[in-house]
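Report on the structure given below.
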Number of protein chains: 2
Amino acid sequence: MTRRPAPGTRQRILKTAARLFGERGARAVGMQEVVEETGLGKSVLYREFSSKDDLVAAWVRELDAETWSHMDQALAPYEGDPARQLLKVVEFAQASVQAPGFYGCTFYNTSAEFRDPAHPGRQEAVAHLDQLRRRLRDLALAARATDADALADMLMLIISGLYANAATLGSSGPAGRATAAARILIDQHIAPAHQVGRERERDSC
Amino acid sequence: MTRRPAPGTRQRILKTAARLFGERGARAVGMQEVVEETGLGKSVLYREFSSKDDLVAAWVRELDAETWSHMDQALAPYEGDPARQLLKVVEFAQASVQAPGFYGCTFYNTSAEFRDPAHPGRQEAVAHLDQLRRRLRDLALAARATDADALADMLMLIISGLYANAATLGSSGPAGRATAAARILIDQHIAPAHQVGRERERDSC
DNA sequence: ATCAGTCCGGACCGATCGGTCCATTGTTGG
DNA sequence: CCAACAATGGACCGATCGGTCCGGACTGAT
């Protein structure tokens, strides 16, 4: 007797929201436009997501999950070589800014658009960045970096800078130097097992 | 016979706009609120600035001028030592994120909030970042870096990453490693004879 | 075929957006 | 002291914001 909700609705909304929010910014896109683009009615959207803030948070969380999934795939071939994986994280980020449809890092953009620390979308974004930091630190520890925290944070700077510069000055600007910079920083903190003492010559302090 | 406009009005509006836009983001603040905070009427604001976009652009341009002024002061003591000046630029940025009332880099935030390349505020922001890149390159050239373009762009990554991380994870996060990372990259690109002086102790090595 | 019961498109709501305009105020030259 | 006129504060405008709600459409059990 009861009519059943159409399946896949939530994902369809999220896909549309990702496109619109990502391209023009979440604040610049109204809920009306999201509704029109999906072809659904407002009541459906507000059944799936309690508010716009909720939709923004869901969008960010979805991208968080996708990002880790893709990154795990990119890192898998170098399992057991954490130093190489550290560099691969940067290469992965650098490749992503070259892709068509890159309009800046969603996590950084969302933080810029929603300054209130209590905003659920911002919280998701910050949580993602914090997790990235932790993953880099774990890799740096596994790679026996002389100072794993320092190396992880320096690579965070490179990655964030890569995204920020790609979004403003384009992917052919400073963003193009990300992996080269990362290599220098990694070499500085990790001694190749077969080349002991190499970092000593550089490290004159 | 004719009544004369009150002087200093424009600067007063700009100061108020800078506070509100900087703290909560330009998109989150309405013109009505700017008007109320200044204590003036809307007609005055719209006589000085033709539109909100115009006000945003004027705000960014003002901050652009202030930034170069302050940076020139910070760099002046090291005139003739471009390698030291390169590091000083990063130190200057790192100090600025520690200041109370830091809510992220205005230039990156504005780019994130206004994605349309034609937006005057975004254009001002991009112009500022491009000029920063050029200044770094000029310093790198003067310091006889082995690859001045590469060094300048890598420092751009560090500075951008510093701002992005300070805005999201706080000034005690990865942002704290900016000068240390910059030192490594500078050392890597500048021959010992021209290297940064060692008078200051290093955070990590 | 019937009808109860759920779903959903879109009309609608008050609030707020950026921007305009006018009645009032205040100043200044004669 | 007054008349003339620019500067001003804030009422007001249409558009759009996020969010609610209802009447018709559709489903599935009988």
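Enumerate the residues in the stretch A:55-75 having an amide nitrogen under 15 Å from the point lying 7 Å beyond the Cα of A:Ala99 toward its Cβ. Answer for this model: A:60-75.
Karplus-based coupling profile of the stretch A:29-45, in residue order and whole Hz: 10, x, 5, 4, 5, 4, 4, 5, 5, 7, x, 9, x, 5, 4, 5, 4, with θ = phi - 60° in 6.51 cos²θ - 1.76 cosθ + 1.60 and x standing for Gly or Pro. Under 19 Å of direct C-alpha separation, and excluding same-chain neighbours fewer than eight residues apart, A:Lys15 reaches these lysines: A:Lys42, A:Lys52. Using a 1.4 angstrom probe on protein heavy atoms only, the contact between B and A buries about 4000 square angstrom of accessible area, both sides summed. Applying 1/(1 + (r/R0)^6) with R0 = 22 Å to the Cβ-Cβ distance of A:Asp81 and A:Gln131 gives a FRET efficiency near 0.55. A point 7 Å from Cα along Cα→Cβ stands in for A:Gly41, and the other copies hold the same point at 4.7 nm, listed in rising order. What the pair-distance distribution of chain B shows, using all Cα-Cα distances binned every 10 Å from zero, is 8, 31, 30, 18, 9, 3, 0, 0 percent. The mean accessible area for residues of the protein assembly as shown, using a 1.4 Å probe and ignoring ligands and nucleic acids, is 47 Å² per residue. In the protein assembly as shown the Cα-Cα distances spread across 10 Å bins starting at 0 as 4, 21, 29, 24, 14, 6, 2, 0, 0 percent of all pairs. For the stretch A:1-26, backbone nitrogen atoms closer than 14 Å to the point 7 Å from A:Ser43 Cα along Cα-to-C-beta are found at A:3-6.
Once C-alpha pairs closer than 8 Å and six or more residues apart are averaged by separation and normalised to the residue number of the stretch A:51-192, the relative contact order reads 29 percent. Label point of B:Lys15 (7 Å along Cα→beta-carbon): distances to the other copies' equivalent points are 5.4 nm, sorted ascending. Share of carbon and sulfur in the accessible area of the stretch B:1-49 stands at 48%, probe radius 1.4 Å. If a spin label sat at a point 7 angstrom from the Cα of A:Leu141 along the line to its beta carbon, the backbone N atoms of the stretch A:54-84 nearer than 19 Å would be those of A:79-84.
Distances between equivalent label points of B:Thr2 across the copies, with each point positioned 7 Å along Cα→Cβ, amount to 7.4 nm, shortest listed first.
The values are calculated or read from the model by the stated rules, or taken from the named source; none is laboratory data. In this text, all values refer to a predicted model and were calculated from it rather than measured experimentally. Cβ coordinates were reconstructed from backbone atoms using ideal geometry, including for glycine residues, and neighbour counts include every protein chain displayed. Each accessible area value is taken on the protein alone, full model and side chains, heavy atoms only, with ligands, DNA and RNA left out. Shrake-Rupley method; radii C 1.70, N 1.55, O 1.52, S 1.80 Å.
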